[in-house]
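Trainee: What follows is a structure written as structure tokens; I'll ask about it next.
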Amino acid sequence: MVKRIINHKAKTIFSAAFILGAAALASRILGLVRDRLLAGRFGAGDELDIYFAAFRLPDLIYAILIMGAISSAFIPVFARYFKEKREDAWRLVDSLFNLAFIVLSGLIVLFIFLAPLLVSIIAPGFSGEKKEMTILLTRIMFLSPLLLGLSGIFGGVLQYFHRFFIHSLAPIMYNLGIIVGILFFVPAVGLIGLAWGVVLGSGLHLLIQLPGVICSGFSFKKRFSIWHKGIKRIIKLMIPRTVGLAGFQINFLVITAIASTLAAGSIAVFNLSYSLQYVPIGVIGISFATAAFPRLASSFANKDRKNFSLSFTSAFNQIIYLIIPLSVAFFFLRAQIVRIILGTGEFGWTDTRLTAAALGIFSFGVFAHGLVPLFSRAFYSAHNTKTPVFISLWSMLVNILGSLGFVWLLKNSSSFSSFVSDVLKLEGVNNFAVLGLPLAFVFGGIFNLIFIIYSFRRKIGLWDFERIRDMIFKVLACSGFMGFSIFVLLRLGDLFINTHVFWGILLQSVMAGVGGVLVYLFFSLIFKVPELRILMNKVFKKRINEKN
């Protein structure tokens, strides 16, 4: 049984996306449990500001040095070597593993010494004990990029062999480690326990993937090498992607720096609402893009234009069919979502209203951030990492300038702040300048999507535009009916359900959410949306095969 799980391979993009999406959903649910525990124990205050600020630098190292190589460079290069000579491909893995260990270890030691200076840059609004605790947590969490970096290489190997199931368990283990830190480490050693929980989760992220990599053919040889001719190719391909990821992470550093100068809890409000809105992006957008990537790369390498277009168009339509209605649902159910998931313990009413408002703003950009990964991987498949990176950097600039501009407007323009307050129902909340950050994030994401679509049409153009256009119109129409039905059902729920208690809010949310989904499916049938039939056929076919 264990061997079957480890060796399980996805045969189609949908099956791979289904596995990744299901695991991502499980991981996101654990992430929401994690956030609920954090919110209930600490509230949106100084403690969570410290935790999220300390998280930024270790995350920066991991994203720039490892994710850039795995997502854009390692898989295509490994695929080429594995096709020609398998032993050479495994030497490439050895070399990359050893090189990553040396580079990451050196950087971690350096950044541990530089932590006081770095914290002063990313959180200029922190001082005294708050700053000192951020420095300590940052130093501990610097261990996580080393473990996640090595795990990322294993993840690339598993993706190449379509072993998506075992690979998809890694984020689940990561969140479990953090939850253990909240439940057991924090009561024992205080806030420092959060940092050790992150380290534990990183270690579990690595260990869960190791059996699958070994079953794929990897073995730890006695030889020690840090160079392989394929490394040069990986570095060449990853440099543009690394620059783009650096821009993305710098954007988050700027957001953290701005939030640190606002009211206490602003960093927590942004990060908690960001985690909530990232659920459909991670479960749907990232899953389908990750599942499609190996097939897009293979089709491009084999000069199979028809299969490339078919794979891309199918993934695109399936993403928008699922992610646009979820965006609409998130907007109308924003208050209920925050109250159910985060509304406990020290997480007060003002915290809830601000986080719900931020989630409502984020929901307008979910579709853009959910589609960009697919376009990026289409470019990576064509060995073009420069174009999406160039566009990403411009979108990050839009985001940073927008953050500064919107925060300034919310602080200084009574007409603009009154408009935002009226739309998001923030009467009585005095300081909500933090909402300028998600506003800018949405504008940056939409800017990114518009220009990456334009570049894709010019440079690659392998998609069925007619089919995609028709799909977008149908999904928008169905989502509009769904949004109206959710709004009506919420109003009806207010009349008959006690929404001042947890179970009342849950019942109201389930009633409105289920009703909205049924309306969406009904109009999908009316408008003859092909993706509904495709998804239903895949799901029911899978169940029939399991029974047989």
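Trainee: Here's a check for you: in the stretch 306-319, which residue that is of a type outside the set (S, T, N, Q) and surrounded by fewer than 23 Cβ atoms within 10 Å (Cβ to Cβ) is nearest to Thr352 (Cα to Cα)? Give the steps one after another, and end with the answer.
Mentor: Looking only at the stretch 306-319, we keep the residues that are of a type outside the set (S, T, N, Q), and these are 306, 308, 310, 312, 315-316, 319.
This time we only want the ones that are surrounded by fewer than 23 Cβ atoms within 10 Å (Cβ to Cβ), so: 306, 310.
Numbers: Lys306: 49, Leu310: 44 Å.
Ranking the candidates gives Leu310 first.
Trainee: Whether any residue in the stretch 323-338 is small (Gly, Ala, Ser) and more than 29 Å from Asp46 (Cα to Cα) is what I want to check. Can you show your working first?
Mentor: Step one: list which residues in the stretch 323-338 are small (Gly, Ala, Ser), which gives 327, 329, 335.
Subset that is more than 29 Å from Asp46 (Cα to Cα): 327, 329.
Yes, that holds for at least one residue.
Trainee: Give the residue, chosen from Met173, Met141, Met133, that is closer than 18 Å to Leu37 by Cα and out of contact with any Asp or Glu (no Cβ under 7 Å at 6 or more places or on another chain). Step through it out loud before you land on a result.
Mentor: Numbers: Met141 fails: closer than 18 Å to Leu37 by Cα; Met133 fails: closer than 18 Å to Leu37 by Cα.
Matching residue, one of Met173, Met141, Met133: Met173.
Residues are listed down the side, and each one gets a yes or a no for (1) buried (at least 20 other Cβ atoms within 10 Å of the Cβ); (2) touching a residue at least 24 places away in the same chain (Cβ under 8 Å); (3) of a type in the set (Gly, Ala, Ser):
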residue: Ser395; (1), (2), (3): yes, yes, yes
residue: Phe406; (1), (2), (3): yes, yes, no
residue: Leu410; (1), (2), (3): yes, yes, no
residue: Leu424; (1), (2), (3): yes, yes, no
residue: Asn431; (1), (2), (3): no, yes, no
residue: Gly436; (1), (2), (3): yes, yes, yes
residue: Leu439; (1), (2), (3): yes, yes, no
residue: Gly445; (1), (2), (3): yes, yes, yes
residue: Tyr454; (1), (2), (3): no, no, no
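Trainee: Now, a different point. Tell me, please, whether a residue that is surrounded by 19 or more Cβ atoms within 10 Å (Cβ to Cβ), at pLDDT 85 or above, out of contact with any Leu (no Cβ under 8 Å at 6 or more places or on another chain) and in a helix (DSSP H, G or I) can be found in the stretch 19-39.
Mentor: yes
Trainee: Also: Only one of these is of a type outside the set (Lys, Arg), more than 18 Å from Leu60 (Cα to Cα) and either surrounded by 19 or more Cβ atoms within 10 Å (Cβ to Cβ) or out of contact with any Asp or Glu (no Cβ under 6 Å at 6 or more places or on another chain) (or both): Val119, Val103, Val109, Val93. Name it. Quick ask: steps written out before the conclusion?
Mentor: Numbers: Val119 fails: more than 18 Å from Leu60 (Cα to Cα); Val103 fails: more than 18 Å from Leu60 (Cα to Cα); Val109 fails: more than 18 Å from Leu60 (Cα to Cα).
None of the other options fit; the residue is Val93.
Trainee: Name the pairs whose Cβ atoms lie under 6 Å apart, with the first residue in the stretch 48-64 and crowded, with 23+ Cβ neighbours inside 10 Å, the second not basic (Lys, Arg) and not in a helix (DSSP H, G or I), and 6 or more positions between them or separate chains?
Mentor: Ala53/Ala123; Pro58/Phe142
Trainee: Just for the stretch 363-393: of the residues that are assigned to a helix (DSSP H, G or I) and among the β-branched types (Val, Ile, Thr), which one is farthest from Leu435 (Cα to Cα)?
Mentor: As a first pass, look at the stretch 363-393 and keep what is assigned to a helix (DSSP H, G or I): 363-381, 386-393.
Those left that are additionally among the β-branched types (Val, Ile, Thr): 366, 372, 387, 389, 391.
Working: Val366: 16, Val372: 23, Thr387: 31, Val389: 27, Ile391: 25 Å.
Checking each candidate, the answer is Thr387.
Trainee: Ok, one more. What's the number of the only condition in (1) surrounded by fewer than 17 Cβ atoms within 10 Å (Cβ to Cβ); (2) in contact with a helix residue (DSSP H, G or I) (Cβ under 6 Å, 6 or more places away or on another chain); (3) in a helix (DSSP H, G or I) that Gln508 fails to meet?
Mentor: Going through (1) surrounded by fewer than 17 Cβ atoms within 10 Å (Cβ to Cβ); (2) in contact with a helix residue (DSSP H, G or I) (Cβ under 6 Å, 6 or more places away or on another chain); (3) in a helix (DSSP H, G or I) one by one, Gln508 breaks only (1).
Trainee: Separate question: Of these, Ala63, Ala54, Ala79, Ala44, which one is assigned to a loop (DSSP other than H, G, I, E, B) and either modelled with pLDDT under 80 or closer than 30 Å to Pro240 by Cβ (or both)? Full working, then the answer.
Mentor: Values: Ala63 fails: assigned to a loop (DSSP other than H, G, I, E, B); Ala54 fails: assigned to a loop (DSSP other than H, G, I, E, B); Ala79 fails: assigned to a loop (DSSP other than H, G, I, E, B).
Going through Ala63, Ala54, Ala79, Ala44 in turn, just one is assigned to a loop (DSSP other than H, G, I, E, B) and either modelled with pLDDT under 80 or closer than 30 Å to Pro240 by Cβ (or both): Ala44.
Trainee: Which residue pairs have Cβ atoms closer than 8 Å, lie 6 or more positions apart in sequence or on different chains, and pair a first residue in the stretch 129-140 that is more than 14 Å from Phe113 (Cα to Cα) and in contact (Cβ under 8 Å) with a residue 12 or more places away in the chain with a second residue that is in a helix (DSSP H, G or I) and of a type in the set (D, E, K, R)?
Mentor: From the stretch 129-140, the pairs are Lys130/Asp46; Lys130/Asp49.
Trainee: Looking at the structure I just gave you, is Gly68 within 22 Å of Ser260 (Cβ to Cβ), modelled with pLDDT under 85 and not hydrophobic (A, V, I, L, M, F, W, C)?
Mentor: Numbers: within 22 Å of Ser260 (Cβ to Cβ): no; modelled with pLDDT under 85: yes; not hydrophobic (A, V, I, L, M, F, W, C): yes.
For Gly68, the condition - within 22 Å of Ser260 (Cβ to Cβ), modelled with pLDDT under 85 and not hydrophobic (A, V, I, L, M, F, W, C) - is not met.
Trainee: Taking the stated definitions as given, is Ile486 at pLDDT below 90 and either within 24 Å of Leu322 (Cα to Cα) or touching a helix residue (DSSP H, G or I) at 6+ places or on another chain (Cβ under 7 Å) (or both)?
Mentor: no
Matching residues to (1) touching a Ser or Thr at 6+ places or on another chain (Cβ under 8 Å); (2) modelled with pLDDT of 85 or more:
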site: Ala170; (1), (2): yes, yes
site: Phe184; (1), (2): no, yes
site: Ala188; (1), (2): no, yes
site: Phe218; (1), (2): no, no
site: His228; (1), (2): yes, no
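Trainee: Looking at (1) more than 30 Å from Gly343 (Cβ to Cβ); (2) at pLDDT 90 or above, find the lone condition where Ser509 falls short.
Mentor: With respect to (1) more than 30 Å from Gly343 (Cβ to Cβ); (2) at pLDDT 90 or above, Ser509 is out only on (1).
Trainee: How about the stretch 122-173: which of its residues are in contact with a helix residue (DSSP H, G or I) (Cβ under 8 Å, 6 or more places away or on another chain), charged (D, E, K, R) and assigned to a helix (DSSP H, G or I)? If you could, list the steps in order and put the result at the bottom.
Mentor: Our first condition is that a residue be in contact with a helix residue (DSSP H, G or I) (Cβ under 8 Å, 6 or more places away or on another chain); within the stretch 122-173, this holds for 122-126, 130-131, 133-173.
In the following step, the residues that additionally are charged (D, E, K, R) were identified as 130-131, 139, 163.
Selection gives Lys130, Lys131, Arg139.
Trainee: Can you tell me which residue among Phe375, Phe332, Phe364, Phe347 is within 30 Å of Ala79 (Cβ to Cβ) and among the aromatic types (Phe, Trp, Tyr)? Break it down into steps so the answer makes sense when it comes.
Mentor: On the way: Phe332 fails: within 30 Å of Ala79 (Cβ to Cβ); Phe364 fails: within 30 Å of Ala79 (Cβ to Cβ); Phe347 fails: within 30 Å of Ala79 (Cβ to Cβ).
Of Phe375, Phe332, Phe364, Phe347, the one residue that is within 30 Å of Ala79 (Cβ to Cβ) and among the aromatic types (Phe, Trp, Tyr) is Phe375.
Trainee: Run down Ser95, Ser151 and say which single residue is among the hydroxyl-bearing types (Ser, Thr, Tyr), modelled with pLDDT under 90 and more than 19 Å from Val199 (Cβ to Cβ). Lay out the reasoning, then the answer.
Mentor: Working: Ser151 fails: more than 19 Å from Val199 (Cβ to Cβ).
Exactly one residue qualifies, and that residue is Ser95.
Trainee: Looking only at the stretch 284-296, decide whether some residue is of a type outside the set (Val, Ile, Thr), surrounded by fewer than 24 Cβ atoms within 10 Å (Cβ to Cβ) and either more than 16 Å from the chain's Cα centre (by Cα) or over 24 Å from Leu322 (Cα atoms) (or both). Step through it out loud before you land on a result.
Mentor: First, the residues of the stretch 284-296 that are of a type outside the set (Val, Ile, Thr): 285, 287-289, 291-296.
Filter once more, keeping what is surrounded by fewer than 24 Cβ atoms within 10 Å (Cβ to Cβ): 294-295.
Imposing the further condition that a residue be either more than 16 Å from the chain's Cα centre (by Cα) or over 24 Å from Leu322 (Cα atoms) (or both) reduces the set to 294-295.
Looking through the stretch 284-296, at least one residue is of a type outside the set (Val, Ile, Thr), surrounded by fewer than 24 Cβ atoms within 10 Å (Cβ to Cβ) and either more than 16 Å from the chain's Cα centre (by Cα) or over 24 Å from Leu322 (Cα atoms) (or both).
Trainee: Being outside any helix (DSSP H, G or I) and closer than 18 Å to Asp351 by Cα is the filter here; which residues of the stretch 394-452 pass it?
Mentor: The answer is Lys425, Leu426, Glu427, Gly428, Val429, Asn430, Asn431, Phe432.
Trainee: Only one residue in Leu245, Leu176, Leu194, Leu204 is at pLDDT below 90, buried (at least 19 other Cβ atoms within 10 Å of the Cβ) and in a helix (DSSP H, G or I). Which one?
Mentor: Values: Leu176 fails: at pLDDT below 90; Leu194 fails: at pLDDT below 90; Leu204 fails: at pLDDT below 90.
Criteria check complete, one pass: Leu245.
Trainee: Pick from the stretch 142-169 the residues that are farther than 14 Å from Ala100 by Cβ and in contact with a Leu (Cβ under 8 Å, 6 or more places away or on another chain): which of them is surrounded by the fewest Cβ atoms within 10 Å (Cβ to Cβ)?
Mentor: Among those that are farther than 14 Å from Ala100 by Cβ and in contact with a Leu (Cβ under 8 Å, 6 or more places away or on another chain), it is Phe142.
The values are calculated or read from the model by the stated rules, or taken from the named source; none is laboratory data. What you see is a predicted model, and the numbers here were worked out from it, not measured in a lab. Please note: Cβ atoms are built from the backbone with ideal geometry, for glycine as well, and neighbour counts cover all protein chains shown.
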